[in-house]
Amino acid sequence: MREKKPKIIYPTEFKEQCDFVAWFRNEYPGIVLMSIRNGGSRSPKESRDQMLEGLYPGAADLFIPAWLCWIEVKRVRGSVWSEQQQAFKAYVESIGQTYLLAYGFEDGRSKLISFLDK
């Protein structure tokens, strides 16, 4: 009889991003890290209103203005990187800014540290 492997439960994207933000704010006090509110479900009217306000589909989750660095946070497993997000990455890099695709908190932390070490 085969033993069942324990099911691994991966943190949500929300949890991964919150952990990243908490670590960043502790590690780099005084450096602004801001969230770009572009996800979630909304009514058609809310979508229309937010588009009029400047919502940009595919924009990364986080931005660090001082370092011109955009960060898209995904779950370690089970996440999708959309075509709009890929197009946003291409745009960001075409204007000389940095885009980091982070699969979870640990990956994001490691990629940001590598970016800063350059």
Worksheet item: Of TYR28, TYR99, TYR56, which is the most mobile in a GNM of the chain whose springs link Cα atoms less than 10 angstrom apart?
Response: TYR28
Worksheet item: Cα gyration tensor of region 6-47, axes a ≥ b ≥ c as square roots of the eigenvalues: rounded (a/c below 1.5), prolate (a/b > b/c) or oblate?
Response: oblate
Worksheet item: What is the spread of the Cα atoms of the chain along each of their three principal axes, largest first, in whole Å?
Response: 59, 42, 26
Discussion item. For Cα pairs less than 8 Å apart in space and 6+ apart in sequence, what is the mean separation divided by the residue count of the chain, i.e. the relative contact order in percent?
Written reply: 27
Fill in: Heavy-atom accessible area order for ASP117, ASP49, largest first, 1.4 Å probe
ASP117, ASP49
Practice prompt. May I ask what percent, to the nearest 5, of DSSP beta bridges between residues of the chain are antiparallel?
Written response: 45
Worksheet item: Taking K and R as +1 and D and E as -1, what net charge do the other residues with C-beta under 13 Å from the C-beta of ILE113 add up to?
Response: -1
Discussion item. On a 32 Å Cα-Cα criterion, which of the cross-link pairs LYS7/LYS111; LYS4/LYS111; LYS45/LYS74; LYS15/LYS118 come out too long?
Written reply: LYS4/LYS111
Worksheet item: What shape does region 27-78 have by the C-alpha gyration tensor, where a ≥ b ≥ c are the square roots of the eigenvalues, rounded means a/c under 1.5, and otherwise prolate means a/b greater than b/c and oblate the rest?
Response: oblate
Worksheet item: Say we join alpha carbon atoms closer than 10 Å with springs in a Gaussian network model of the chain; which of LEU68, LEU52, LEU101 then has the biggest fluctuation?
Response: LEU52
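For the chain, which whole-number percentage of the solvent-accessible area (1.4 Å probe, protein heavy atoms only) is attributable to carbon and sulfur atoms?
Numbers: 4560 of 8280 Å².
Here carbon and sulfur together make up 55 percent of the probe-accessible area.
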Worksheet item: If you place +1 on the Cβ of every Lys and Arg and -1 on the Cβ of every Asp and Glu, how big does the dipole about the Cα centre of region 24-91 come out, in debye to the nearest 20?
Response: 200
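For ALA87, what is the net charge nearby, where nearby means another residue's Cβ is under 13 Å from its Cβ and Lys, Arg count +1, Asp, Glu -1? Present the calculation step by step, with values, prior to reporting the outcome.
Working: positive: LYS89; negative: GLU72, GLU83, GLU93.
Neighbourhood net charge equals -2.
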Practice prompt. Using a/c under 1.5 as the rounded threshold, could you call region 48-106 rounded, prolate or oblate? The axes a ≥ b ≥ c are square roots of the C-alpha gyration tensor eigenvalues, and prolate needs a/b larger than b/c, oblate otherwise.
Written response: oblate
Worksheet item: Which one of SER35, SER94, SER43 has the biggest mean-square fluctuation once the chain is modelled by GNM with Cα springs under 10 Å?
Response: SER43
Worksheet, complete the sentence: Quick calc, ARG48 & ARG77: beta-carbon distance into FRET formula, R0 30 Å, rounding 0.05, result 0.35
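The values are calculated or read from the model by the stated rules, or taken from the named source; none is laboratory data. The structure presented is a predicted model; accordingly, all values stated were derived computationally and were not measured. Positions of Cβ are generated from backbone atoms using ideal geometry, with glycine treated the same way; all protein chains shown enter the neighbour counts. The accessibility values were calculated without ligands, DNA or RNA, using every heavy atom of the protein model including side chains. Shrake-Rupley method; radii C 1.70, N 1.55, O 1.52, S 1.80 Å.
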